[in-house]
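Report on the structure given below.
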Amino acid sequence: MTELGRTIERVLVALDASTESHAALAAAANLAARLHVQLVGLFIEDAKLFDIAQLSMVRQVSFTGEPSPAPDVESIERSLRAQAGVMRRTLETVAQSHHLSWSFQTARGRASAEILASASHSDLVILGKTTPSVTRRGSLGATARVVAERPRGAILFSDPRLQRVLGEGGAIVVVFDGSANAPRALALAADLAQAGSGELIILTPAKDEHDAQRLHDEAGASLSGRPLRVYHRICTGAGCTALVNATLSHQGNLLVIGAGSPVLGAESLADLLERLHSPVLVVDQA
Amino acid sequence: MPTRPLPPDVLRPRCDLSAMGFTTTAELSGTSDVLGQDRAFEAIEFGIGMRERGYNVFVLGPTSAGRHRHVLRLVEARAAGERAPSDWVYVHNFDQSHRPRVIELPCRMGTRLKRDVAQLIEDLRTGIPAIFESDDYRNRRQLIDQEFRERHDAALQQVEQEAATRQIALVRTPNGLALAPRRGQEIITPEEFQRLPEEERKRIEGDLEELQRRLQESLRHMPQWDKERRERIRGLNREVTKYAVTYQIMALRASHMEFADVVSYLDSVEADIIEHSAPMFLESEAEGPAAALQAMLGRHGGEEGGRARHLQFRRYEVNLLVDNQHLKGAPVVHEDNPTVPNLVGRAEHQAELGALLTDFTLLRSGALHRANGGYLILDAEKLLMQPYSWEQLKRTLFAREIRIEAPMQGYFATVTLEPEPIALDAKIILVGDRRTYYLLAQLDPEFENLFKVAADFEDELPRDSATVERYAGLIASLATNAKVRPVERAAVERLIEESSRAAGDAERLTARIGQVRDLLLEANHLAGLAKRDTVAAEDVRKAVELRIRRADRIRERSLEQIHRGTVLIDTDGAKVGTINGLSVMQVGGFAFGRPTRITARVRLGRGEVVDIEREVDLGGPTHSKGVLILSSYLGARYAPDRPLSLRASLVFEQSYGGVDGDSASSTELYAILSALADVPIRQGIAVTGSVNQNGEVQAIGGVNEKIEGFFDVCRQRGLTGAQGVMVPEANVKHLMLREDIVEAGRAGRFSIYPVVNIDQGIEILTGKPAGERGADGRFSEGTINRLVEDRLIALAEARRHFAEPGDGARP
């Protein structure tokens, strides 16, 4: 049996200066408050910016459309320090308003690499699902896409809806497919549901009735004693479409799934993230 | 024929109500609490009946005459037959927010409009958010957002794709968008770039330059697109808000169709809600990811959002400034504290973030608003005591409109409200004393234009048998209204006598009914202490006695000074050129008399009577006038054909506080005559009365107090029977003396002598005949006048002797 708060002791949120980071921070703070755990902010200074600063021929255009001097290392560092300062103060304010224990870190490197590195020693990492590229706002961000290719630990791909999910409650849908990551995914989903609305929907991709019963029993045993309203649903079909449909049809607001889940079939986790307009928590026990 | 003392009955004419045949006031059907004010009432009726401009009323007269009560009664009686006036509301002015609009509505319609608009606001508070939260709205909003997002992305994508084909990365930096050469997914390093052939480097640089130009071009469209997007969203918001609002307002408009101002106002409300309400119900205009954090930090939504919505909707509220729905007739308002805000209303303020803010909902009515269409009663003295109130009232009456403005508005350059004025149609009734009325009439040229009707309350009433009977009925009314014990007939008689005493005239009664009422209440209290069921004459007597007792500390000190010989007053024996005059001191509401020694010395001079008081600026002009009359009298009476060659000096001994009035002029003359004749004056007789050039003694004021003052000194030393007071005969009708003096008079221990002229007086004072001129033109031998004349002739001779050449002037 997994007790509330034992699977998650620390929530780490990946930050940069984007507005999406603010949303992720808000969601992370809310989640940490509900779970009564520490909140860690990780501000990532994208190494790509320093690569650009090395090049003299780089051309830059300001957001007003005017050409501006090519960035140099010093100005990039100064700007990032300022942005980090802003995020740190924001984190502090949010944490204090929720009476949270908190810390703030900065790291320089490739955003995806830094997030994955942090995921290995954090219970839950939150990053913006729609981390912006220059274009295609609202679609899956490049960092999220890279992280989704080889997830590690527990990574919550957040989007603005997460805040609403946590605020209003709503069901959490977890895929319990009998794979290696499924038990931990179920435990985390149960923790989150227990901290929220108390409603948990278990999607079981069963080959037959016997298999379905087995997964049902396993899940039931794992959740024994938890004050949850648990609903078992059979997931028919495979692939992103099946998962998206199942999540939507059960009015799920957050999907929890193990990395490498066979339910995805031939499709990738990035595909799922792209198509499901809800936050997704990916769990990789390895 | 020697003057005889007045009989005791004259000293205090009794009131006899035995003919009315009642035992106590319980048997009287007193229905009126007013007497003898017909003139004032007619004036009030006239004033409040005249609707023309400037016919406001100033009610003047003594305090305690019941002015306020009677005015209120008369005005209320008239107002009851008139219709209730309009309601007045203030609403927001959507064109000029600092000038709230005013709307006049028939009585009771103000309440209805306020209620209807409040309901409208409540409906919109729930109706509008519901529309903004609907799927339809969200979908349409998303469509707009999506359209512009795609337009934005498309513009950048073109650049990004073009860059990608040329192996150039488009990267977001802290300051904008950067274009940099790449190899695969990684930015090329400087070393790698340098290793490229020069031609390749030049191509890349050319590509970067071109892409930068195209990127600039794309970004320059963004502000225009953003503006376009906002316009489209505003249009959508207007459309959906209108859907929510129009029907509701239409229904409201229909129910107030007959009031053009209301319809116009509702049109403005509709337009404003459609234009401005949407942002209140949208989480944020951006609705971006950061909104969640802002909400978490309390910057949007939650209580603050609710408050913002509350403030926004407050502008649609109706401020019912004057609500006349409960009036049965025209309003009658009595403002007891006529400050400017209490008169013309005020704009209250609320503290918010350290600043004081106001708006039209915080406008509050003043007495003029509430009295509009009716009557406003103000106390004149209180009005004049309040800074700016008089000027503000006049300005309002001249303009015939009420403007809500702070007293110092216009002196400070701060932004404040200037509400539209309200037309004024109210009758103003000022109640004040006579002095205030005459001062205003004299000093303020605008006063007569604004207060054309004066209602002058009488101070006194005649004490004839008919009035006395009505006065008894009035006392019965007072007793009934004040819920006191029934008053015995003897007590009523006593109260009426005290009324005469208050009037200072045995033939008059005071019109200051409040004083009689106070005495009645005090007597009732004493009757209660004595465990009586009725108020007896003894209670009234004792109430008067206690009233004097409470107030006469200074009188006692004065008596004590005389008794201890600090102030020199003789009450027996006789002295030349020395006489006891009488004066009255007013201490608060209590007046008492006391004797003052007046002395006169004469010697050779140029015919002048020197008033020592005047020489040292302690004498007033009236006193000086009296003294100058003495010179004239002496010259005309005793030296008509030769120069008046004396110098007489007069002194009020031990007087340090100033002397005025001519009530001692006869006294001074007696002292001079005594000095000239060298005949002593009886010190047991005190004297009061003024004198004219012909030697006639004239009436003075405060005769009762003066007599009582000397009586008290004599009684303290022991009444001898030879003591008394000499008063002008014209004052006999004013005598309402204390009971103890009447008793002393009856016992022959104290006498009041009425005199008509100086000859009568000097005979009483000296015991010698005054003397008449005989056929020889001279006064009879041995008379006072002969002695005076002889002395004046001697002085004239002496003067002539001194004036002859070589006589007396030679060294």
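For the criterion of being more than 10 Å from chain B (Cβ to nearest Cβ), in contact with a Gly (Cβ under 8 Å, 6 or more places away or on another chain), surrounded by fewer than 23 Cβ atoms within 10 Å (Cβ to Cβ) and among the basic types (Lys, Arg), A:Arg10 fails. So is A:Ala193 hydrophobic (A, V, I, L, M, F, W, C), modelled with pLDDT of 80 or more and not in a loop (DSSP other than H, G, I, E, B) or not? Here the answer is yes, as A:Ala193 does meet what is asked. Taken over segment A:76-95, the criterion of being out of contact with any Leu (no Cβ under 7 Å at 6 or more places or on another chain) and more than 7 Å from every other protein chain (Cβ to nearest Cβ) is satisfied by A:Glu77, A:Arg78, A:Arg81, A:Ala82, A:Ala84, A:Gly85, A:Val86, A:Arg88, A:Arg89, A:Glu92. Picking from residues in segment B:370-400 that are closer than 22 Å to B:Pro445 by Cβ, not hydrophobic (A, V, I, L, M, F, W, C) and not in a loop (DSSP other than H, G, I, E, B), the one that is nearest to the chain's Cα centre (by Cα) is B:Glu381. Of the helices (runs of 4 or more DSSP H) lying entirely inside segment B:700-785, those carrying at least 1 residues that are at pLDDT 95 or above and in the same structural domain as B:Ala671 (by TED's automatic domain parsing) are B:703-717, B:758-766. Condition check for B:Arg637 on (1) among the basic types (Lys, Arg); (2) assigned to a strand (DSSP E or B); (3) more than 44 Å from the chain's Cα centre (by Cα): one failure, at (2). Here B:Arg555 clears all of (1) surrounded by fewer than 21 Cβ atoms within 10 Å (Cβ to Cβ); (2) in a helix (DSSP H, G or I) except the condition numbered (1).
Picking from residues in segment B:228-247 that are surrounded by 20 or more Cβ atoms within 10 Å (Cβ to Cβ) and within 28 Å of B:Ile103 (Cβ to Cβ), the one that is modelled with the lowest pLDDT is B:Ala244.
Of the residues making up segment B:758-769, those that are within 16 Å of B:Arg637 (Cβ to Cβ) and in contact with a Ser or Thr (Cβ under 9 Å, 6 or more places away or on another chain) number 6.
A:Asp51 meets all of the listed conditions (1) surrounded by fewer than 24 Cβ atoms within 10 Å (Cβ to Cβ); (2) in contact with a Gly (Cβ under 7 Å, 6 or more places away or on another chain) but one, namely (2). Checked against the criterion of being at pLDDT 90 or above, more than 13 Å from the chain's Cα centre (by Cα) and surrounded by 18 or more Cβ atoms within 10 Å (Cβ to Cβ), the candidates A:Gly41, A:Gly85 yield just one match: A:Gly41. Test A:Ser21 against the criterion of being more than 25 Å from B:Val171 (Cα to Cα) and more than 7 Å from chain B (Cβ to nearest Cβ), and give yes or no. So A:Ser21 fails the test.
For the structure I just gave you, tell me whether B:Leu765 is under 14 Å from B:Thr688 (Cα atoms), within 44 Å of the chain's Cα centre (by Cα) and crowded, with 17+ Cβ neighbours inside 10 Å. Against the criterion (under 14 Å from B:Thr688 (Cα atoms), within 44 Å of the chain's Cα centre (by Cα) and crowded, with 17+ Cβ neighbours inside 10 Å), B:Leu765 does not qualify. If you go through segment A:59-75 and pick out every residue that is in a helix (DSSP H, G or I) and either facing chain B (nearest Cβ under 7 Å) or at positive phi (or both), you end up with 0. Just one residue in the set B:Arg517, B:Arg485, B:Arg494 is among the basic types (Lys, Arg), buried (at least 21 other Cβ atoms within 10 Å of the Cβ) and under 16 Å from B:Leu17 (Cα atoms); that residue is B:Arg494. Of all positions in segment B:697-718, at least one carries a residue that is farther than 18 Å from B:Ser558 by Cβ and more than 47 Å from the chain's Cα centre (by Cα).
Rundown of residues vs (1) within 22 Å of B:Leu383 (Cβ to Cβ); (2) basic (Lys, Arg), yes/no style:
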| residue | (1), (2) |
| --- | --- |
| B:Ile48 | yes, no |
| B:Val59 | yes, no |
| B:Gly66 | yes, no |
| B:Ser86 | no, no |
| B:Met109 | no, no |
| B:Arg112 | no, yes |
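Can you spot a residue in segment A:197-210 that is free of Cβ contacts under 8 Å to residues at least 40 places away in the same chain, basic (Lys, Arg) and touching a strand residue (DSSP E or B) at 6+ places or on another chain (Cβ under 9 Å)? No, because not a single residue in segment A:197-210 is free of Cβ contacts under 8 Å to residues at least 40 places away in the same chain, basic (Lys, Arg) and touching a strand residue (DSSP E or B) at 6+ places or on another chain (Cβ under 9 Å). With respect to the conditions (1) more than 7 Å from chain B (Cβ to nearest Cβ); (2) under 30 Å from B:His221 (Cβ atoms); (3) part of a helix (DSSP H, G or I), A:Ser56 lacks only one, and its number is (3). Residue pairs whose Cβ atoms lie under 6 Å apart, separated by 6 or more positions or on different chains, with the first residue in segment B:180-192 and aliphatic (A, V, I, L, M) and the second part of a loop (DSSP other than H, G, I, E, B), are B:Ala180/A:Leu55; B:Ala180/A:Val58. Being in the same structural domain as B:Ala511 (by TED's automatic domain parsing) and not aliphatic (A, V, I, L, M) holds for only one residue in B:Thr3, B:Thr25, and it is B:Thr25. Does any residue of segment B:595-617 turn out to be buried (at least 19 other Cβ atoms within 10 Å of the Cβ), under 43 Å from the mean Cα position of the chain (by Cα) and at pLDDT 90 or above? For segment B:595-617, residues buried (at least 19 other Cβ atoms within 10 Å of the Cβ), under 43 Å from the mean Cα position of the chain (by Cα) and at pLDDT 90 or above: present. Residues that are touching a strand residue (DSSP E or B) at 6+ places or on another chain (Cβ under 7 Å), farther than 26 Å from B:Pro174 by Cα and not aliphatic (A, V, I, L, M) occur in segment A:108-120; there is at least one.
Those helices (runs of 4 or more DSSP H) of segment B:107-219 in which at least 2 residues are within 11 Å of another protein chain (Cβ to nearest Cβ) and hydrophobic (A, V, I, L, M, F, W, C), considering only elements entirely within it, cover B:135-165.
The values are calculated or read from the model by the stated rules, or taken from the named source; none is laboratory data. What you are looking at is a predicted structure, and each value in this text was computed from that prediction instead of being measured. Cβ atoms come from the backbone with ideal geometry, glycine included; neighbour counts cover every protein chain shown.
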